[in-house]
1. On the protein heavy atoms, probe 1.4 angstrom, tell me the percent of accessible surface of region 255-294 carried by carbon and sulfur.
2. Can you put I165, I313 in order of accessible area, largest first, using a 1.4 Å probe?
3. Would you list E315, E167 from the most to the least accessible area, probe 1.4 Å?
4. When only DSSP loop residues count, what trypsin sites (Lys or Arg not before Pro) in region 1-69 have their Cβ near at most 10 other Cβ atoms within 10 Å?
5. How large is the dipole of the chain about the Cα centre if only Lys and Arg carry +1 and Asp and Glu carry -1, each at its Cβ, rounded to the nearest 20 debye?
6. At 7 Å along the Cα-to-beta-carbon direction for both T384 and T83, put a label point, then send me their distance in nm to one decimal.
7. Can you give the accessible area of S101, probe radius 1.4 Å, in Å² rounded to 10?
8. Could you work out how much longer the chain between L367 and T309 gets when fully extended? Use 0.36 nm per residue separation minus the Cα distance between them, nm to one decimal.
Amino acid sequence: MADRVTVIGWDGAPLTDAARAALGAATLVAGAAHHLALPEVPRTAERIRLGSVALAARRIAAHRGTAVVLADGDPGFFGVVRTLRAPEFGLEVEVVPAVSSVAAAFARAGMPWDDAHVVVAHPRTLRRAVNVCRAHTKVAVLTAPGAGPAELGLLLDGIHRTFVICEELGTEREQVTVVTSDKAADHTWRDPNVVIVIGGPAGAGEGGGWIAGRDPGAGPRGWTQPAEAYGGELGEGETDLLRAAQLARLGPRVGDLVWDIGCGSGAFATEAARGGAAVIAVDRDLEACARTESAARRFGVQLQVVHGTAPHILENLPEPDVVRVGGGGAAVVSAVADRRPQRIVTHAATRDAAELVGRDLSEHGYLVECALLQSVELDTRAWTEKERSVAFLLSGVLPERAP
């Protein structure tokens, strides 16, 4: 095992005395091509071009001598430190930090970033990174080849965002470009880069927030809100308790894309978006679409509203993680199941309708649960019944994609 491993963050600034001393004593140096070209790297040191950090860690673990790993920005922030410290390599590391590329990008843009989400996009996580950009007003994306500004822009089709693209930060070729998301695919961008994605209502107030990213306590308490919060009367499938049960079954979270088909007043779509998920709300009624957009503005969340009739309108929508079917019946549920989301919830007014939907979900390979929900609202002044609601709640979970 290497006698000593030092990880040096590099942000383009002159190396610190500690970094110079570590490099001067190194018998093995790992880093990207521009790191290995630094004049401080000893000519006699073994050099490893850093591609797979895990492979480099194995080489370092087998090396007898002093190893240095060079990495862009802060190596402890979505960087190499986590991999190098993994138990299977047995490495103890010292870190010489630098300014993170995210902090540098926001500094170049002249913007605060305590209210920003930070995500890593590579081909495997690109879709989830895009969903965060759909749902939140300020996101920094650490990109990778095949998951860069062009791919982000293409997957944000129909969603307007502003991109601040920072290429090769800290180098002589550093460049900062501001484009709209629909234009990002028209260019070829140099790696590495950081993309700041901006759009939608403002985040933290002038005094700033108290927690980095989105304030989880913003807005009123409760997973669901009463009908009055959405302008009065709600549809038969939009009662507070039914929405709460649907949210509990789906569990929408940051990085998910939720479809709400037959969004009605926008109550469910807004509440899913309040949890941090990206939401596409679909309805054939223009007034329902307008109510949903109004509800989203009222609660300060971002969602996409699509006017059209399911199931045909669903064909060109991006892949969902979880889906609520608020209207359309078995035909729509079947079309949704063809897209293989992790979870689907819907409701039925009769047992026959519930059985029809349940059989269809089972035939698509979903594990199906059905519960008869009955709620009775009481007037607490006289403890008399005000309103009664009965519905069959159906949920399907796809085992191959659970949880």
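1. Percent of accessible area from carbon and sulfur atoms in region 255-294: 44.
2. The most accessible residue leads, giving I313, I165.
3. Ranking E315, E167 by accessible area, largest first, yields E315, E167.
4. Answer in residue order: R43, R64.
5. 1000
6. So the two model labels end up 7.1 nm from each other.
7. Rounded to the nearest 10, that gives 40 Å².
8. Additional length available on full extension: 18.2 nm.
The values are calculated or read from the model by the stated rules, or taken from the named source; none is laboratory data. Please read these numbers as outputs of a predicted model, since none were measured by experiment. Glycine gets a Cβ as well: all are built from the backbone with ideal geometry, and neighbour counts include every protein chain shown. Calculation scope for accessible area: heavy atoms of the full protein, side chains included, ligands and nucleic acids excluded. Shrake-Rupley method; radii C 1.70, N 1.55, O 1.52, S 1.80 Å.
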